[in-house]
Structure formats: C-alpha cells, structure tokens
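The values are calculated or read from the model by the stated rules, or taken from the named source; none is laboratory data. All of these numbers come straight from a predicted model, not from anything done at the bench. Positions of Cβ are backbone-derived with ideal geometry, glycine not excepted, and every protein chain shown enters the neighbour counts. Please note that ligands, DNA and RNA were not included when accessible areas were found on the heavy atoms of the full protein model with its side chains. Shrake-Rupley method; radii C 1.70, N 1.55, O 1.52, S 1.80 Å.
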Amino acid sequence: MYTKKFDIRWSDLDANRHLANSAYQNFMSHTRMAFLIANGFGQKEMAQFEVGPVIFYEHIYYFKEVFQGKPITVSVEVTGMSEDGCFFEFKHNFYDYKGRHLAQCEMLGAWMNLRERKITALPEALAELIKEFPKAKDFKVLTKEDTRKHGRIPKDISPEEL
C-alpha cells in the first residue's frame, strides 16, 4: 500500500467547513500520480508514449468528517488491471492522524492515446512496467465488461430536446 500525507488547507474546505468533495478527488489524484512516479511511470513516460489516464468513475464512501487542523493520510492500491494494461482500478483510503478510517474510494480508469483521443492498450515498455506494480490482496484481472458493470451507458438525445 502506497501512502501520502496531506495538511488540510483553507482552500480544501467547503461551506460546511469540512473537506470538500473536490479536495478528496485532488488528494486521490495527487496520491495516484505520486505512486505512478515512484514506480517509474511519470509524466515523462506518459509524454514519451503520448498516453494519459482517463477516469471512468470514482465512487467515494464517506465515513467521518474531515476538518482543518490535523493531517490526513491517503493510500492507494492497485485492485485491478486488464491483461494489456489498458484498464486499471485503484482503491483509496483516507485516515486521520490516529489511523481512523475517514473515507474510501473505488475508481476505474483507462489509458488514452493522446494523439488519437481513443482508449488504448499500453505500449509494451509501459505494459511491462505496470505489471510489476504492487497489487492489493483483492487484485483481479479486468475485462472490458468490468467497465460497464454498473450498467451506465451513454444515451444521446436530439438537439431539439435540449
């Protein structure tokens, strides 16, 4: 499990003076990127191969409020990956300074070719690298069907309905 500590800044709070939804997402994104960089898969490698991550969903479960004043720790674990490395799934946990579980997030994403703007399998060099990432105990091999497990698909409407 990879972890990163954060101080709660004034700008991380919402009108209720607790951690805003957007701050949870920012902390998770920062932790994921730090994890990727620590495992040899940073911006340089993404730029070299013209790939970038896209997020399909982030399901956040909130257990306790988070307030300013004490640091929090955010963890990330790889819980799933397709055989070609195209799809990935991460789990994040949020803990207070005493180790109390504050929130959890399950997220699913894929790699996108930044030139073609399409979901893509990773180039061999990156696919080999990502296969070596530390994996969670509940890790599973993902398939394309896993990206639709919640039954959400796009449904267009005609411009007249707008």
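Of note:
- Hits in segment 122-162 (condition: touching a residue at least 40 places away in the same chain (Cβ under 8 Å) and in a helix (DSSP H, G or I)): Ala125, Leu126, Ala127, Leu129, Ile130, Lys131, Lys144, Asp146, Thr147
- The set of residues in segment 103-135 being surrounded by fewer than 19 Cβ atoms within 10 Å (Cβ to Cβ) and in contact with a Lys or Arg (Cβ under 8 Å, 6 or more places away or on another chain) consists of Gln104, Glu106, Met112.
- For the criterion of being among the small types (Gly, Ala, Ser), under 20 Å from Phe6 (Cβ atoms), in a strand (DSSP E or B) and at pLDDT 95 or above, Ala103 passes.
- Test result for Ser22, more than 14 Å from Gln68 (Cα to Cα) and assigned to a helix (DSSP H, G or I): yes
- For segment 30-45, a residue qualifies if it is in contact (Cβ under 8 Å) with a residue 24 or more places away in the chain, assigned to a helix (DSSP H, G or I) and surrounded by 15 or more Cβ atoms within 10 Å (Cβ to Cβ), and the qualifying residues are Thr31, Arg32, Ala34, Phe35, Glu45.
- Just one residue in the set Gly69, Gly80 is over 26 Å from Arg17 (Cα atoms), over 11 Å from the mean Cα position of the chain (by Cα) and not acidic (Asp, Glu); that residue is Gly80.
- Failed item, numbered, when Lys64 is tested on (1) open to solvent by 80 Å² or more (accessible area, probe 1.4 Å); (2) part of a strand (DSSP E or B): (2)
- Taken over segment 67-88, the criterion of being outside any strand (DSSP E or B) and either open to solvent by less than 50 Å² (accessible area, probe 1.4 Å) or within 23 Å of Asp7 (Cβ to Cβ) (or both) is satisfied by Phe67, Gln68, Gly69, Lys70, Pro71, Gly85, Cys86.
- When Glu58 is tested against (1) touching a residue at least 60 places away in the same chain (Cβ under 8 Å); (2) out of contact with any Lys or Arg (no Cβ under 8 Å at 6 or more places or on another chain); (3) open to solvent by less than 70 Å² (accessible area, probe 1.4 Å); (4) not hydrophobic (A, V, I, L, M, F, W, C), only condition (1) is not met.
- Subset tally (residues that are in contact (Cβ under 8 Å) with a residue 40 or more places away in the chain, surrounded by 13 or more Cβ atoms within 10 Å (Cβ to Cβ) and more than 20 Å from Ala110 (Cβ to Cβ)) for segment 1-29: 11
- Residue check, Leu129 modelled with pLDDT under 95 and over 30 Å from Asp7 (Cα atoms): yes
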